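J.: This is the structure, below, for whatever I ask next.
The values are calculated or read from the model by the stated rules, or taken from the named source; none is laboratory data. Just so you know, these numbers come straight off a predicted model, no measurement behind them. Don't worry about glycine lacking a Cβ; one is built from the backbone with ideal geometry, like all the others, and counts go over all protein chains shown. Note: areas computed on protein heavy atoms with side chains; ligands, DNA, RNA excluded. Shrake-Rupley method; radii C 1.70, N 1.55, O 1.52, S 1.80 Å.
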Amino acid sequence: MPRREAEALAPFATVLNRDIGQETRLFEPVVTVVEDLVPRVEVVAPGLMFVPVVGAVKFYGGEEELARRIDEAVQDHCEGALRREEPAGDRRGVAPPQIDVPHYLGVADGPFAARWAAGSAHPGEPLIVDDTISFLSGLDLGALREDMGGDEIIETFRWLGIATLGDVARLPRETLASRFGNPGLIAHRLASGEDRMVEPRSIPAELGVVMTFEDPLQSLDAVAFAGRNLSEKLLRRLRPAGVAPHTVTIAAEAADGSMRSRVWRSADPFTERAIGDRVWWQLRAWVETAGVPGGIVELSIAPDDLSGEGRQLNLLIDESTLVETERALARAQTLLGPDGVLQGRAQGGRMPAERVAWSRWGEPESPEERDARAPWPGGTPAPAPALVPPKPDLIEVEWDQGMPSRVRLGSRWEPVLTWSGPWRLSGRWWAGEGDADRYQLVTSVGGFLCVVAEGRAYLVAVYD
């Protein structure tokens with residue numbers, strides 16, 4: 001609850017500000033314990049880590065055995081840490097009490113499903129998911145909250161009667177992309193079990209950044225300053241390549257020659273500030289736990305999982321923005337298929353629908369496109385309509401002595417306030433097309449462009 005409400009209910013309570021650096025320091029030994037069993041542990045935040053288990057499962061003889069070993073190792077470490085914090089006393093002849101430290105393990109395909117498998121597990125009882133799709137389909141929409149960046153899209157889903165991830169997965173992906181954009185694509189992908197797996201690209205060595213120090217860094221202020229500078233340098237190198245990392249490896253060399261490294265992972269591409277925070281948390285944990293004896297003499301950050309996904313920036317401002325936009329469209333086209341992302345170009349024509357040529361995004365201009373600058377006798381007069389249906393729709397128009405008087409819109413008739421036309425539209429007789437007349441009709445609810453042919457009226461455009 002909000003802090004003010006909590007203090008009103010419990011004025012005697014002590015309010016503690018969250019210290020993520022301190023949490024990282026306390027979580028670091030737990031990560032080390034797990035890393036002794038499975039290398040390349042990925043830390044998401046203090047208290048949450050992902051463990052790639054494909055190779056470890058083969059080594060330990062199965063997912064159950066590996067989960068059991070991790071569970072026992074974490075429990076033993078936490079129990080020992082708590083016992084060391086207990087006040088010393090005379091316990092001769094007294095059996096030490098059993099200390100239960102709640103921790104949750106989940107095994108599934110992909111980080112998103114594994115995280116919620118852990119969230120659904122009981123303390124000390126790892127949950128191993130055999131059918132990831134079925135498991136995800138039963139989760140509430142709230143599971144998407146963190147990946148969606150808030151509740152707005154989730155509340156919209158609920159308003160539409162969508163309650164679970166299974167309901168989201170059954171929706172057409174192209175519909176979600178059209179209505180909600182990139183958040184809709186992410187929601188559908190996660191609900192369908194298509195989580196972003198770790199697929200590191202080949203990374204040139206020069207993209208990683210290294211900083212050495214003649215005088216070893218021992219103070220936290222000096223470490224924080226070095227971490228911020230190194231983070232800025234890393235993103236400055238990645239920016240010309242048009243990529244951002246999802247995973248970074250932070251490594252530090254101590255004065256005695258020992259090396260420490262840790263992998264941090266993020267669902268979204270890391271920003272400069274996000275990398276700086278992770279570097280600070282990790283280095284603080286190492287310094288305060290004496291993990292770098294004698295101080296730090298070398299610090300490095302390496303991007304291990306580069307992403308070409310676009311991020312929301314201002315359009316058409318500079319070249320880097322254009323690159324980001326093109327990369328986002330390419331990503332959407334990969335998800336939706338070649339025909340899922342189209343681009344329109346102006347071309348010549350007499351009817352509004354003829355004046356736009358559609359093609360797949362990224363394909364060159366077709367030689368069949370008509371020159372929009374050429375004269376088009378018989379073209380529909382201005383203004384241009386705001387909406388053009390993909391095909392003409394039949395519409396009822398009532399006529400009075402050759403003049404339009406009423407238009408049927410749904411279940412009601414709307415009187416025609418004013419109109420213009422007709423403009424003759426000569427059909428291509430060699431293709432079997434007859435002649436038609438065009439009318440612009442204005443009613444109290446809007447303006448319409450109609451085509452009358454063979455005694456029937458068709459709606460071909462709507463004016464704003």
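J.: Can you say whether Q347 is modelled with pLDDT of 80 or more and at positive phi, as far as the supplied structure shows?
T.: No.
J.: In this structure, is E326 open to solvent by 80 Å² or more (accessible area, probe 1.4 Å) and at pLDDT below 75?
T.: On the way: open to solvent by 80 Å² or more (accessible area, probe 1.4 Å): yes; at pLDDT below 75: yes.
Against the criterion (open to solvent by 80 Å² or more (accessible area, probe 1.4 Å) and at pLDDT below 75), E326 qualifies.
J.: Go through the range 1-45 and give me each residue that's open to solvent by less than 40 Å² (accessible area, probe 1.4 Å) and under 13 Å from R284 (Cα atoms).
T.: Passing the criteria: G21, T24, F27, E28.
J.: Can you pull out the residues in the range 138-162 that are modelled with pLDDT under 80 and either more than 15 Å from I186 (Cβ to Cβ) or not in a helix (DSSP H, G or I) (or both)? Even if it seems obvious, please write down each step before you answer.
T.: Looking only at the range 138-162, we keep the residues that are modelled with pLDDT under 80, and these are 146-151.
Listed by number, the residues that qualify are G149, G150, D151.
J.: Follow-up question, since we're still on this one. Filter the range 48-82 down to the residues that are closer than 13 Å to A108 by Cα and not aliphatic (A, V, I, L, M), then identify the one that is surrounded by the fewest Cβ atoms within 10 Å (Cβ to Cβ).
T.: E64
J.: I've got another one for you. Could you identify the single residue in R424, R406, R438 that is closer than 23 Å to R456 by Cβ and in contact with a Cys (Cβ under 9 Å, 6 or more places away or on another chain)?
T.: After applying the criteria, what remains is R438.
J.: With surrounded by 15 or more Cβ atoms within 10 Å (Cβ to Cβ) and either on the phi < 0 side of the Ramachandran plot or among the β-branched types (V, I, T) (or both) as the only criterion, which of E152, E174 stands out? Break it down stepwise before answering.
T.: Working: E152 fails: surrounded by 15 or more Cβ atoms within 10 Å (Cβ to Cβ).
When all the criteria are applied, what remains is E174.
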